[in-house]
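Report on the structure given below.
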Amino acid sequence: MGRCSWASSERLKKYHDLEWGVPSHDDNYLFEMLILEGFQAGLSWDIILKKRKAFQEAFEGFDPKVVSRFDDEKVDKLMSNVTLIRNRLKMISAIKNASAFLAIQQEFGSFDRYIWHFTNNTSLDPKIATEEELMAKTPLSEKVSKDLKKRGFKFVGPVIIQSYLEAIGIYNHHLMSCDWH
């Protein structure tokens with residue numbers, strides 16, 4: 001099968017085939033992916049996927065209401081969990097991002113409505129032929145990043161948000177040669 005070249009391990013192939021680029025409108029999934037993308041900064045996505053189950057358990061199913069109530073004691077517990085990426089700044093930002101996520105849900109009715117309003121609820125397909133055409137950030141990821149930061153989010157720079165927009169299906173960045181395009 002023809003896949004995007006980054007899907008090199010079995011774990012990455014499964015993620016590529018079943019999740020990446022599939023338009024998602026589930027708020028808990030959108031929250032999970034936003035938090036995981038933040039933890040991925042400086043690391044490989046394969047590492048994140050390897051630790052994903054541990055993150056799902058530690059972050060209690062990525063329920064933003066629960067995560068927003070994590071306190072210093074919970075952060076210390078998370079920091080002692082060897083199955084996670086133990087970065088205190090990322091842990092604290094995940095908790096703050098949960099509160100900001102809830103504020104967006106309150107304002108827009110759902111995070112889904114908020115994140116998809118940037119493209120009028122449409123997936124974008126720039127029809128990428130080669131990896132050289134892929135950009136680490138786009139005007140859209142810069143716009144979304146700026147708005148998220150204004151709303152109090154952390155670890156949401158334009159490169160992280162570009163990856164996030166691809167993951168949740170706002171961008172279809174499967175190469176034209178990929179069977180999943």
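The values are calculated or read from the model by the stated rules, or taken from the named source; none is laboratory data. A quick note: this is a predicted structure, and the numbers were derived from the prediction, not measured. In this analysis, Cβ positions are derived from the backbone assuming ideal geometry, glycine residues included, and neighbour counts consider all displayed protein chains. Heads up: the accessible areas ignore ligands, DNA and RNA and are worked out on the full protein's heavy atoms, side chains in. Shrake-Rupley method; radii C 1.70, N 1.55, O 1.52, S 1.80 Å.
Yes/no matrix, rows are residues, columns are (1) over 17 Å from Trp6 (Cβ atoms); (2) modelled with pLDDT under 95; (3) more than 14 Å from the chain's Cα centre (by Cα); (4) buried (at least 16 other Cβ atoms within 10 Å of the Cβ):
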| position | (1), (2), (3), (4) |
| --- | --- |
| Met33 | no, no, no, yes |
| Glu37 | no, no, no, yes |
| Glu57 | yes, no, yes, no |
| Asp63 | yes, no, yes, no |
| Ser68 | yes, no, yes, yes |
| Asp72 | yes, no, yes, no |
| Leu78 | yes, no, yes, yes |
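Per-residue answers, yes or no, for (1) within 30 Å of Glu10 (Cα to Cα); (2) in contact with a helix residue (DSSP H, G or I) (Cβ under 8 Å, 6 or more places away or on another chain); (3) β-branched (Val, Ile, Thr); (4) in contact (Cβ under 8 Å) with a residue 12 or more places away in the chain:
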site: Ile48; (1), (2), (3), (4): yes, yes, yes, yes
site: Ala54; (1), (2), (3), (4): yes, no, no, yes
site: Glu60; (1), (2), (3), (4): yes, yes, no, no
site: Arg69; (1), (2), (3), (4): no, no, no, no
site: Ser80; (1), (2), (3), (4): yes, no, no, no
site: Arg86; (1), (2), (3), (4): yes, yes, no, no
site: Ile92; (1), (2), (3), (4): no, yes, yes, yes
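Of all the residues in the range 125-154, those that are at pLDDT below 95 and either of a type in the set (Gly, Ala, Ser) or open to solvent by 20 Å² or more (accessible area, probe 1.4 Å) (or both) number 11.
Taking the condition modelled with pLDDT under 95, hydrophobic (A, V, I, L, M, F, W, C), over 16 Å from the mean Cα position of the chain (by Cα) and more than 19 Å from Tyr171 (Cα to Cα), does Met1 pass? Reasoning before the result, please.
Details: modelled with pLDDT under 95: yes; hydrophobic (A, V, I, L, M, F, W, C): yes; over 16 Å from the mean Cα position of the chain (by Cα): yes; more than 19 Å from Tyr171 (Cα to Cα): yes.
Yes.
Scanning the range 13-42 for residues that are over 26 Å from Glu60 (Cβ atoms) and either in contact (Cβ under 8 Å) with a residue 24 or more places away in the chain or of a type in the set (Ser, Thr, Tyr) (or both) returns His16, Asp17, Gly21.
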